[in-house]
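These notes are about the structure you will find just below.
What follows is calculated from the coordinates using simple rules that are stated; it is not laboratory data. Since we're looking at a predicted model, the values are computed, not measured. Cβ coordinates were reconstructed from backbone atoms using ideal geometry, including for glycine residues, and neighbour counts include every protein chain displayed.
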Amino acid sequence: MEALTLCAASSSSPSSSSSTTRLCTYHVFLSFRGEDTRKGFTDHLCASLERKGITTFRDDKDLERGQVISQKLINAIQDSMFAITILSPDYASSTWCLDELHTIMECSSNNNLQVLPVFYGVDPSDVRHQRGCYEEAFRKHQEKFGRDTVERWRDALTQVSRYSGWDSEGRHEASLVENIAQHIHRKLVPKLPSCTENLVGIASKVDEVNKLIGMRLNDVRFIGIWGMGGIGKSTIARSVYKAIQGEFELTCFLENVRELSETKGLVHIQRQLLSHLSISRNDFHNLYDGKNTIQNSLCRKKVLLVLDDVNEVNQLENLAAKQDWFGPGSRVIITTRDKHLLMTHGVHKTYEVGMLFRNEALNLFCLKAFKEDKPREGYSDLSKEVVDYTGGLPLALEVLGSYLYGRNVDVWHSAIKKIRSVPHPRIQDKLKISYESLDRMEKDIFLDIACFFKGMKKDKVIDLLESCGYCPQIGIEILIERSLITIDWGNDKLDMHDLLQEMGRDIVFQESPNDPSRRSRLWSQEDIDHVLTKNKGTEAINSIDMKLHQPYEACWSTEAFFKTSQLKYLGLCEMQLPLGLNCLPSSLKVLRWRGCPLKALPLKTRLDEVVNINLSHSKVQQIWQVYGKAEVLEYGFFQEPKEIA
């Protein structure tokens, strides 16, 4: 079964009336005299067209035995977008070819078929006036056929000779074939329906990227598209690629570079790149030879290359190392989650992809959840709740919309409750790719921000993380470059997308789903109470931070912290401890206890490692046996509550 495409009468928008479009089976119909060109020029042209993904009809290949040939030809012509007529010396001697041509010219008037003549070994003027070999052919036709038939054929030749096309005189055949195929490709692309049409919120982003590309300039440019996972980088790149690919000699959209690099290696990707560009010299077996082959094959070509989902500099170094690998006017588009990678490679411009606006997000969600552009009756509030939960992330909107499609209101309520407590795995897995690329310390910093420090001043967080033994300056910068956190430049606070925070907290939760005492971080009042009330602390816990919004009485065991021998960070706030507290772990590096109710720190406390203490607004009057490394420590009695920082 042939692939079907929409055959456009013009480059009208997808919303145009059906009268401007019709269903087509073929992109191109080839009309040619078999004895002249079948095994030569026509064969090469057909192969070149099909390498570019252009569906081509040629009668010696596509006609099935036993069918009425004339009707099949008529149907094929009517169901094509372009007709290429290869007018060779013996073309006019074939009544079959002349009937084809007559039908083609009729369709060019009635069905908006675009006709492109190739004058192969003949003078266009001889075709127009039926001179030379064409004159001889028509003398024979005059003897066998009636006047009306012959005149119809003459008119068709006269008409086609007036169309703009190609003359083979003085041309290298390979160059001519490539020129024709490239022209068809350039004309065809804007007319084809696209899987990216009607994508919500994409058009404005594509426009911004196109401004960075600078199509009218003849330089070589590397353009970056950067953003968090699931935000639509690949979709934007695909839309840009489709819109401009007709302007280039060679084009390739190389997707999933990260995944292919991990599973099949860079040599495989180098070969795949050359194969996509129809370059046969790909029998190399190492990266060095692959780089040489790519550079030597492309350095004189105007190339459009998209490298999608790049995560390592060596991928760029082996696929598109330098501008001089490509000919003038070439463009290399790189999508990635890592901004520093783009900076390192010296890209010309970088486009940062933002979230969808709320109205766009609702529209996209409804298209997936209802197959409509707005919520159905009774689902409006629920839809808005899901949209708010996603924070405008396209991946989450699409996944959750599809997940909820066709379900009734009661099931929606249950599903939303589940989503909030158990994040959807497809969303989490996509987001977690960025986390998995971090080193151990960067992961720890990310998890601390997700669990404790989102919304805090950057300098304050840096101070706390340094106190815990991390290198937060570089760590935070890397997290920003990997699209895992952001800085609210208005107030210099750390921020991150809600779904990334949810992912970070879920990573900690999965350390021990059924036993919070074996998780590295505790922030939930319920989990902290469960562990400390029952004296179930373990050495797995390295950070505790409990934020309260109202007075609270904690009936913790007096030995609650006895087993938390690896606890580095303890953040508590105003609370009552009716049972008191006998000890704090000596491993503490940071102690922050606003409004501490104790008049003295526990007798058993020996904070040898502490470097950061904040007991603001506390009732502490005496600190017993505190020999830590804090810059300001006072030993003795306080007349009133005082902060020790």
Exercise. Would you mind checking the pairs K384/K417; K384/K458; K211/K339; K187/K301; K454/K568; K52/K205 and listing those with alpha carbons more than 23 angstrom apart?
Key: K384/K458; K52/K205
Self-check item: With Cα atoms, 0 to 90° folded angle of helix 394-404 axis to the chain main axis
Solution: 90 degrees
Quiz item: Over segment 194-352, how many percent of alpha carbon pairs lie in each 10 Å bin up to the one with the longest distance?
Solution: 11, 43, 37, 9, 0
Quiz item: Given H placed on each backbone N at 1.01 Å, which residues far from V115 in sequence or on other chains put an amide H within less than 5 Å of it?
Solution: A83
Exercise. Return the percentage of antiparallel bridges among DSSP beta bridges fully within the chain, rounded to the nearest 5 %.
Key: 15 percent
Quiz item: Helix 203-213 sits at what angle to the longest principal axis of the chain, using alpha carbons and giving 0 to 90 degrees rounded to 10?
Solution: 80 degrees
Quiz prompt | Between helix 409-421 and the chain: long-axis angle, C-alpha atoms, 0 to 90°, nearest 10 | solution = 60 degrees
Quiz item: What is the distance in Å between the Cα centres of segment 129-158 and segment 248-299?
Solution: 52 Å
Exercise. Rounded to whole Hz and in sequence order, give me ³J(HN,Hα) for segment 123-133 from the Karplus expression 6.51 cos²θ - 1.76 cosθ + 1.60, θ = phi - 60°, writing x for Gly and Pro.
Key: 8, x, 5, 5, 5, 4, 9, 6, 10, x, 4
Quiz item: Going by how many other beta carbons lie within 10 Å of each one, how would you line up R440, R271, fewest first?
Solution: R440, R271
Quiz item: Where does the Debye-calculated log10 I(q)/I(0) of segment 358-422 sit at q = 0.26, 0.27 Å⁻¹, using only Cα point scatterers of equal weight, no solvent?
Solution: -1.18, -1.28
Quiz prompt | Selection from W523, N318, P597, by position along the positive dipole direction of the chain (Cβ) | solution = P597
Quiz item: Taking neighbour counts of Cβ atoms within 10 Å as a proxy for exposure, in what order, fewest first, do I184, I269 appear?
Solution: I269, I184
Practice problem: Along Cα→Cβ, 7 Å out, is where each label goes; now give me the distance between the ones at Q71 and E35 in nm to one decimal. | Solution: 2.9 nm
Quiz item: If you project the alpha carbons of segment 50-188 onto the principal axes, what extent comes out on each, in Å, largest first?
Solution: 44, 41, 28
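Which whole-number value in Å³ per residue fits the convex hull of the alpha carbons of segment 311-381? Spell out each step's value before the answer.
Working: hull volume 10.6 nm³, N = 71.
Output value, Cα hull per residue: 149 Å³.
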Self-check item: segment 476-530: translational diffusion in µm²/s, Stokes-Einstein, Kirkwood Rh over Cα pairs, 37 °C, 0.692 mPa s
Solution: 255 µm²/s
Quiz prompt | Debye intensity ratio I(q)/I(0), log10, the chain, q values 0.05, 0.06, 0.12 Å⁻¹ (C-alpha model) | solution = -0.39, -0.52, -1.24
Exercise. Rounded to the nearest 500, what is the 222 nm mean residue ellipticity of the chain from helices alone, with -39500 (n - 2.57) per DSSP H run of 4+ residues and division by all residues?
Key: -12500 deg cm²/dmol
Quiz item: Hey, if you put +1 on the Cβ of every Lys and Arg and -1 on every Asp and Glu Cβ in segment 120-269, which of I225, V127, G201 ends up farthest toward the positive end of that dipole?
Solution: G201
Quiz item: Counting pairs of Cα atoms in segment 429-508, how many percent are more than 16 Å apart?
Solution: 43 percent
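Within 10 Å of each candidate Cβ there may be at most 14 other Cβ atoms; applying that plus a DSSP loop requirement, which chymotrypsin sites (Phe, Trp or Tyr not before Pro) in segment 318-366 survive?
F357
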Quiz item: What trypsin sites (Lys or Arg not before Pro) in segment 353-420 are in a loop by DSSP, with at most 11 other Cβ atoms within 10 Å of the Cβ?
Solution: K371
